[in-house]
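Written below as structure tokens is the structure these notes are about.
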């Protein structure tokens, strides 16, 4: 993959993230009853990322894992804002 193709892939990833963020934010805002679902989903995603790190035997996080956690946290803030709807989240 050359640099131009890599730039196209990066742009596509950012565009998809923006669409998902907008849809999730709209759902969490317009359907407050869904906010706890998004809270749990983000919690589960964090658990999955941590599990991947453990499976890979990472004692110190790789930059890609740290980056993934950062993206996840930014995504979470963008969708949930102050997370006031999360206090009603029922843990599975």
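Filtering 57, 85, 51 for residues that are at positive phi and either part of a helix (DSSP H, G or I) or at pLDDT below 90 (or both) leaves a single hit, 57. Per this entry, residue 69 is counted among residues that are free of Cβ contacts under 8 Å to residues at least 24 places away in the same chain and in a helix (DSSP H, G or I). Do we have any residue at all in the stretch 1-13 that's within 17 Å of the chain's Cα centre (by Cα), surrounded by fewer than 11 Cβ atoms within 10 Å (Cβ to Cβ) and either in a helix (DSSP H, G or I) or without any contact (Cβ under 8 Å) to a residue 40 or more places away in the chain (or both)? The answer is yes; a qualifying residue exists. With respect to the conditions (1) modelled with pLDDT under 85; (2) over 22 Å from residue 13 (Cα atoms), residue 32 falls short on a single one, namely (1).
The values are calculated or read from the model by the stated rules, or taken from the named source; none is laboratory data. Just so we're clear, the structure is a prediction, and the values are computed from it rather than from any experiment. Glycine also receives a Cβ, built like all others from the backbone with ideal geometry; neighbour counts cover every protein chain displayed.
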